[in-house]
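The values are calculated or read from the model by the stated rules, or taken from the named source; none is laboratory data. It should be emphasised that the depicted structure is a prediction, and the values quoted were computed from it without experimental measurement. Quick reminder, even Gly has a Cβ in these numbers, built from the backbone with ideal geometry, and neighbours come from all protein chains shown.
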Amino acid sequence: MSRVVHFEIQAEDVERAKTFYADVFGWTYEDYSQMVGSPYFGIVTGSGDEPGINGGLLPRPAATPGEGQGTNAFVCTMGVGDYDVTEQKILEAGGRVALPKCALPGMAWQGYYLDTEGNTFGIHQPDPEAR
């Protein structure tokens with residue numbers, strides 16, 4: 001079974017969003033921009049001995065949906081044991097590729113999909129050999 005292991009927040013103004021979540025929830029950030037090749041900040045939501053997950057904050061790649069145009073939400077990522085097998089299951093169940101599999105060098109394989117309702121989600125397979 002796959003559990004949610006990561007979430008992402010897209011923002012029009014990353015610095016404004018960082019300030020908001022730090023002020024409201026006390027979240028801190030780690031700059032992963034160099035690792036992923038684009039602006040990306042890891043969100044640390046608490047200490048490792050507390051239940052919960054960490055996430056990421058990145059620039060929004062498209063316009064923000066206007067009010068009354070549906071949900072504007074976080075993207076959750078599920079940890080998987082075998083990326084390719086999971087991708088095949090997604091496609092067989094009617095899902096579609098949103099952003100194809102890519103390496104987070106030295107860390108994992110990551111990709112994004114659309115479910116049958118058009119919702120975005122990610123899958124993540126840890127792999128220190130990912131290149």
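General observations
- Among the candidates Ala22, Ala17, residue that is surrounded by 11 or more Cβ atoms within 10 Å (Cβ to Cβ), assigned to a helix (DSSP H, G or I) and in contact (Cβ under 8 Å) with a residue 12 or more places away in the chain: Ala17
- Segment 4-58 - residue that is charged (D, E, K, R) and at pLDDT below 90 and, of those, nearest to the chain's Cα centre (by Cα): Glu12
- In summary, strands (runs of 3 or more DSSP E) completely within segment 60-128 and bearing 1 or more residues that are under 15 Å from Val4 (Cα atoms) and touching a strand residue (DSSP E or B) at 6+ places or on another chain (Cβ under 6 Å) occur at 75-79, 108-114, 120-126.
- For segment 50-73, the set of residues classified as loosely packed, with under 13 Cβ neighbours inside 10 Å, within 27 Å of Tyr32 (Cα to Cα) and not hydroxyl-bearing (Ser, Thr, Tyr) consists of Glu50, Pro51, Gly52, Pro61, Ala62, Ala63, Pro65, Asn72, Ala73, listed by residue number.
- For segment 37-49, a residue qualifies if it is surrounded by 10 or more Cβ atoms within 10 Å (Cβ to Cβ) and farther than 20 Å from His124 by Cα, and exactly one does: Gly46.
- Residue check for Leu91: out of contact with any Asp or Glu (no Cβ under 9 Å at 6 or more places or on another chain), in contact (Cβ under 8 Å) with a residue 12 or more places away in the chain and not assigned by TED's automatic domain parsing to the domain that holds Gln10: no
- Scan of segment 25-36 for residues that are surrounded by 14 or more Cβ atoms within 10 Å (Cβ to Cβ), not hydroxyl-bearing (Ser, Thr, Tyr) and not in a helix (DSSP H, G or I), ordered by number: Trp27
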